[in-house]
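Participant: Before anything else, here's the structure in question.
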Amino acid sequence: MTTTIALVTGANKGIGFETARQLGARGVTVLAGARDEARGRQAEQALRESGADARFVPLDVTDAKSAQEAADWIDREYGRLDILVNNAAIAVGGGAPSQTDLDAMREVYETNVFGVIAVTNAMLPLLRRAPAARIVNVSSEVGSITATTDPASPLGQMPASLAYPSSKSALNMITAMYAKELRDTPVKVNAANPGYTATDLNRHSGFRSAAEGAEASVYLATLGPDGPSGLLWGHLWTADGPAGAYGPLPW
Ligand SMILES: NC(=O)c1ccc[n+]([C@@H]2O[C@H](COP(=O)([O-])OP(=O)(O)OC[C@H]3O[C@@H](n4cnc5c(N)ncnc54)[C@H](OP(=O)(O)O)[C@@H]3O)[C@@H](O)[C@H]2O)c1
């Protein structure tokens, strides 16, 4: 039986680590991307202790050279890539739009937007060589313009801020455009919404566990041949309060 090979960016902690752990538990070989070698090796060890066939891959998503080196290494070791989970992201520079710090905004876009494009384009030749590759862009409901502008949605109640939410709106369109380009191929491209998850990103204020937060990414990474492409899909946070429901979200 051929092994499925998955690369998860930002896999050393939080939702990315849990995504790698859950894919590993399904028998997938997980390549744990991390920008820091010590944190990456530690994650590799923890993943192996959980029973996963895991290997650390040095990968800073803001560095196109690092993305290409990771792709070259995967090519030499495996010759293809079945699953890419673009999970790495940062959330800095919050606050009112009128107070936005442009440097913080650029920093967020370097990781959350340009980083995804750099990694995806470096990995696409390998993904095209897989029989039915899956690309998961870890987005967020805070990037949904429909939810943000709906006063009845919990997202509509959140304070206005620019950098992180708009980076995820951009990622949603990027997802739709890759899905469009690849629609006549077996490659499926979707955006995942983990839901509000307790991680370092939000100083552990989320109401979902990292294991729950990883579920949408794992689902989209393991879609069958009849699965969708070009969707924002994941945890649904409705006005009635947090529920364990999943499904497509409005862009
Ligand atoms: N937590 C939530 O409520 C929530 C909700 C919706 C969506 N999300 C999304 O879920 C994903 C995972 O977030 P999280 O909550 O698990 O956050 P987290 O615990 O802060 O983890 C973020 C990961 O991204 C890595 N990273 C950051 N910049 C990187 C770079 N330039 N190159 C490579 N890796 C980099 C971090 O590595 P270091 O350890 O080296 O910093 C870390 O491994 C993100 O896309 C986030 O936007 C989170």
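The values are calculated or read from the model by the stated rules, or taken from the named source; none is laboratory data. This is a predicted model, so every value here is computed, not measured. Cβ sites come from the backbone with ideal geometry, for glycine too, and all protein chains shown count toward neighbours. Ligands, DNA and RNA are excluded from the accessible area calculation, which covers all protein heavy atoms including side chains. Shrake-Rupley method; radii C 1.70, N 1.55, O 1.52, S 1.80 Å.
Participant: Of the numbered conditions (1) within 16 Å of the ligand (Cβ to nearest atom); (2) open to solvent by less than 50 Å² (accessible area, probe 1.4 Å), ARG134 satisfies every one except a single condition; which is it?
Facilitator: Single failed check for ARG134: (1).
Participant: Could you check the range 143-153 and list, in sequence order, the residues that are surrounded by fewer than 20 Cβ atoms within 10 Å (Cβ to Cβ) and in contact with a helix residue (DSSP H, G or I) (Cβ under 8 Å, 6 or more places away or on another chain)?
Facilitator: ILE145, THR148, THR149, ASP150, PRO151, SER153
Participant: What strands (runs of 3 or more DSSP E), lying completely within the range 143-251, carry at least 3 residues that are over 24 Å from VAL113 (Cα atoms)? Let's see the steps before the verdict.
Facilitator: Numbers: elements: 188-193, 232-238, 241-248.
Counting at least 3 such residues, we get 241-248.
Participant: ARG203 passes all but one of (1) free of Cβ contacts under 8 Å to residues at least 60 places away in the same chain; (2) touching an Asp or Glu at 6+ places or on another chain (Cβ under 7 Å); which number fails?
Facilitator: Condition not satisfied by ARG203: (2).
Participant: Let me ask something additional. Can you tell me which residue in the range 178-203 is farthest from ILE15 (Cα to Cα), limited to those that are open to solvent by 30 Å² or more (accessible area, probe 1.4 Å) and more than 18 Å from the chain's Cα centre (by Cα)?
Facilitator: Across the range 178-203, the extreme among qualifying residues is ASP184.
Participant: From THR4, THR29, THR62, grab the single residue that is over 14 Å from the mean Cα position of the chain (by Cα), modelled with pLDDT of 95 or more, β-branched (Val, Ile, Thr) and farther than 30 Å from PRO225 by Cβ.
Facilitator: Values: THR4 fails: farther than 30 Å from PRO225 by Cβ; THR29 fails: farther than 30 Å from PRO225 by Cβ.
None of the others qualify; the one that does is THR62.
Participant: In the range 237-250, how many residues are surrounded by 17 or more Cβ atoms within 10 Å (Cβ to Cβ) and modelled with pLDDT of 95 or more?
Facilitator: The first filter runs over the range 237-250 and keeps only residues surrounded by 17 or more Cβ atoms within 10 Å (Cβ to Cβ), leaving 237, 249.
Filter again for modelled with pLDDT of 95 or more, leaving 249.
Total satisfying the criteria: 1.
Participant: Please go through the range 90-108 and pick out each residue that is more than 12 Å from the ligand (Cβ to nearest atom) and out of contact with any Phe, Trp or Tyr (no Cβ under 8 Å at 6 or more places or on another chain).
Facilitator: Correct list: GLY95, ALA96, PRO97, SER98, GLN99, THR100, ASP101, LEU102, ASP103, ALA104, MET105, ARG106.
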